[in-house]
Amino acid sequence: MTTHRQLPFALNSSWWPARAGITVLAAAALLLSAPAQALPTKQVTIQPWQVCDDAGSNCATTSLFADFTTKIWAQADLVVNFLGIQQVNSSARLNENAFADLGHVSAGSIIDLWFVHDLFDCGGTFGPGELYGCGTASGWFAVTQEVFDFSLVGRVDTLSHELGHVLGLGHSDFGAGGNDNLMTSGGSRVIAQALGDVNPDGLGLEKLTAAQITEARSSSFTSLAPTVTVPEPGTMALAGLALLGLGLARRTSTAR
Amino acid sequence: MLTLAATPVGAGAPAADVVVLPPVFEAHSSPAGTYVLEIRLREDANPHLARATATLFRVTSSKRQAVWTRELPHRPRPRFFAVGDGGQVVLLDEWLNIRSELAVMVLDLAGCTLVQFDLEAVRAALGVPISALAPAARHGVWMQAPPVINARGDAVEVAAANRVLSIRLSDGKLSAH
């Protein structure tokens, strides 16, 4: 199959066809060395708060489930940055009766994550059962001790699930609802217990649909991640070839 | 020192990650009503750990007699169960929504474990890739529908990965169609 690509500059007719070989070689090398089209990486920043009682004891268990969080949100080309865990002493917050009392306390687009022992309210939207977490698109979410009691490795996706709520995703919108989807409600969603079962591997759990990815990435809590480009050896070789071609072209032109 | 001055809930309604606990008590009869299996949950234990007791009863026209009682290893109890007219019991998956070592367990008339299969064994019997299980599942990680005992009464059948897994009651052998 032949692929036609438009060159990023106009060919000077006085060069053609004498220097065409070298020029086309250089242009081809430049085109080939251009990065492939991909979603620009976005990021969110989370401030975790570990709540303890008034005396600074009996602190809530914390874990960022970093490997799982990273792999789950990599589906959306979203980098999750965590600031250092800060301690807050408040017995009332440790066993919180009102999710709204936790709130968004960090500046700007920094999302707050509250590790509490127990939570007895999630905006009135849950019935009887074990409450693992609660999140709101207003910029904060909470995770309870139940997450750590769930199994030996814990309910590793609650943090990512609640982050999804912060980023505007619900339990049944944007294609959620399947047992393998990250945002499906807790009673139906299957929880990965090994990284090898997180989508796209193994059982393909904690899946995000294209619509969910689009919605989450459009949240005001996301921003473009700084790009650090490290050229691959092949790319560097092609770029060198391009420079060599351009140099040869100039030398030929000067010699005449 | 942090001052807890929270922003009121506004733009986004909170949403919970919550799991409703299984019923404290559930019972199923065999097709002809010759046996009844009861599963009872202990309410005072960790909801994520094993805490169910199963009791099989033989039922005649004149009485109902306990055949065996045993603790179950499922967390906190099996998701589904069925009992055959020969008193064999099939326990399917765990209530906890995870990849389970207890995908299928068959108990004999004495309440002893005849066979036990993990999810990989179920996948192999179905003859599908592991990635085909969860997308079709409606109950846990692999089942599309609750189990049924087949017309001949000799196997429990479960839809999974758009196929049907058959569990033979006499020996727990898995097959698929």
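Please work out the Cα convex hull volume for region A:40-224 and give it in Å³ per residue.
Working: hull volume 19.4 nm³, N = 185.
It comes to 105 Å³ per residue, whole-number rounded.
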Gaussian network model of chain B, Cα within-10 Å springs - most flexible of B:Ala137, B:Ala13, B:Ala66: B:Ala13
Residue among B:Asp17, B:Asp154, B:Asp85 with the largest mean-square fluctuation in a Gaussian network model of chain B, springs linking Cα atoms under 10 Å: B:Asp17
Spacing of the two label points (7 Å from each Cα toward its C-beta) at A:Ser109 and B:Ser175, in nm: 6.0
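Would you list B:Cys112, A:Cys134, A:Cys52, A:Cys122 from fewest to most Cβ contacts within 10 Å? Kindly include the intermediate steps, with their values, before the conclusion.
Values: B:Cys112 10, A:Cys134 30, A:Cys52 19, A:Cys122 25.
So the ranking, lowest neighbour count to highest, is B:Cys112, A:Cys52, A:Cys122, A:Cys134.
Using 1/(1 + (r/R0)^6) with R0 = 35 angstrom and r between the beta carbons of A:Val153 and A:Leu224, what's the FRET efficiency to the nearest 0.05? List each step's numbers first, then the result.
Values: r = 33 Å, r/R0 = 0.94.
The computed FRET efficiency comes out at 0.60.
Please get the size of the charge dipole for region B:42-110, origin at its Cα centre, with Cβ charges of +1 on Lys and Arg and -1 on Asp and Glu, quoted in debye to the nearest 20. Write down the numbers at each step before the final one.
Working: 10 positive and 8 negative charges, 38 e Å.
My answer is approximately 180 debye.
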Burial ordering of A:Lys207, A:Lys42, fewest other beta-carbon atoms within 10 Å first: A:Lys42, A:Lys207
DSSP-assigned coil residues among GluC sites (Glu not before Pro) in region B:19-108, each with at most 16 further Cβ atoms within 10 Å: B:Glu43, B:Glu101
Candidate lysines - alpha carbon under 17 Å from A:Lys42, same-chain residues fewer than 8 apart omitted: A:Lys71
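Length gain on complete extension for the stretch B:Ala13 to B:Gln116, per 0.36 nm per residue less the alpha carbon to alpha carbon distance? Kindly include the intermediate steps, with their values, before the conclusion.
Working: separation 103, 0.36 × 103 = 37.08 nm, distance 4.38 nm.
So the extension gain works out to 32.7 nm.
Given Cα positions, please report Rg to Rh for region B:15-176, the hydrodynamic radius being the Kirkwood one.
0.97
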Cβ-based net charge around A:Val80, under 15 Å, with every Lys or Arg adding one and every Asp or Glu removing one: -3
Sorted largest first, extent of region A:74-163 alpha carbons per principal axis (Å): 35, 30, 25
Order of B:Arg42, B:Arg163 - criterion: other Cβ atoms within 10 Å of each residue's Cβ, fewest first: B:Arg42, B:Arg163
Difference of contour (0.36 nm per residue) and Cα-Cα distance, B:Asn150 to B:Gln65: 28.0 nm
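Rule-based calculations on the coordinates, nothing more; no lab input. The structure displayed is predicted, hence computed values, not measured ones. With ideal geometry, Cβ positions are generated from the backbone for all residues, glycine too; neighbour counts draw on all protein chains shown.
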